[in-house]
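I have placed the structure first, in the form of structure tokens, so that the comments after it can refer back to it.
The values are calculated or read from the model by the stated rules, or taken from the named source; none is laboratory data. Values in this document were obtained by computation on a predicted structure and should not be read as measured data. Note: ideal-geometry Cβ built from the backbone for every residue, glycine included; neighbour counts use all protein chains shown. Only protein heavy atoms, including side chains, enter the accessible area calculation; ligands, DNA and RNA are left aside. Shrake-Rupley method; radii C 1.70, N 1.55, O 1.52, S 1.80 Å.
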Amino acid sequence: ADNLRPEGDFGGVTTSASTFVGPDGERVGLARRPDNLRAEGEFGGVTTTASAFTPLDGERTGPLRRADNLRPEGEFGGMTTSASTFVGPDGERVGLARRPDNLRSEG
């Protein structure tokens with residue numbers, strides 16, 4: 001619970017606001033300098049860069065798949081040494097235990 005509550009009437013003006021009168025300032029206008037960059041001569045629309053370097057239509061290359069150098073050596077019969085030495089136990093799957101319902105309708 002909040003125990004800090006204002007007591008008495010509040011008129012909206014504090015003592016510091018009534019004793020302090022700040023100066024009224026004015027904004028300075030935006031000084032816009034004139035532009036001194038002028039285009040001289042005629043402009044035909046084509047620059048020397050655009051005429052010397054014409055764009056080419058390029059095609060995207062496909063993904064490069066490098067040849068690997070990992071090859072199996074010798075014969076592989078399909079059975080590894082760890083698979084032949086380890087024989088796992090044959091187990092049975094436990095059936096699903098269905099608990100009896102203990103909710104009964106009374107009344």
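Skip the ligands, DNA and RNA, and give the accessible area per residue of the chain with a 1.4 Å probe, whole Å².
Heavy-atom accessible area per residue stands at 121 Å².
Ordered by packing density, taken as the mean number of other Cβ atoms within 10 Å over each peptide's residues, highest first, how do 46-53, 97-104 rank?
46-53, 97-104
Of Gly95, Thr19, Ala31, whose Cα points farthest to the positive end of the dipole of the chain (charges on the beta-carbon: +1 Lys, Arg; -1 Asp, Glu; origin at the Cα centre)?
Going by the charge dipole, the pick is Gly95.
To the nearest 20 Debye, how big is the dipole of the chain about its Cα centre, given +1 on the beta carbon of each Lys and Arg and -1 on that of each Asp and Glu?
For this selection, approximately 240 debye.
Leaving ligands, DNA and RNA out of it, report the carbon-plus-sulfur percent of the accessible area of the stretch 33-101 at a 1.4 Å probe.
Of the solvent-accessible surface of the stretch 33-101, carbon and sulfur hold 53 percent.
Would you kindly calculate the mean projected area, averaged across all directions, of the convex hull enclosing the Cα atoms of the chain, in square nanometres?
Mean shadow area of the hull around the Cα atoms is 39.6 nm².
Specify which residue in the list Val46, Gly78, Leu4 is farthest towards the positive end of the charge dipole of the chain, using unit charges on the beta carbon of Lys, Arg (+1) and Asp, Glu (-1), about the Cα centre.
Gly78
Okay, helix-only estimate at 222 nm for the chain: each DSSP H run of n ≥ 4 adds -39500 (n - 2.57), divide by all residues, round to 500 deg cm²/dmol; what do you get?
Estimated from H runs of four or more residues: -2500 deg cm²/dmol.
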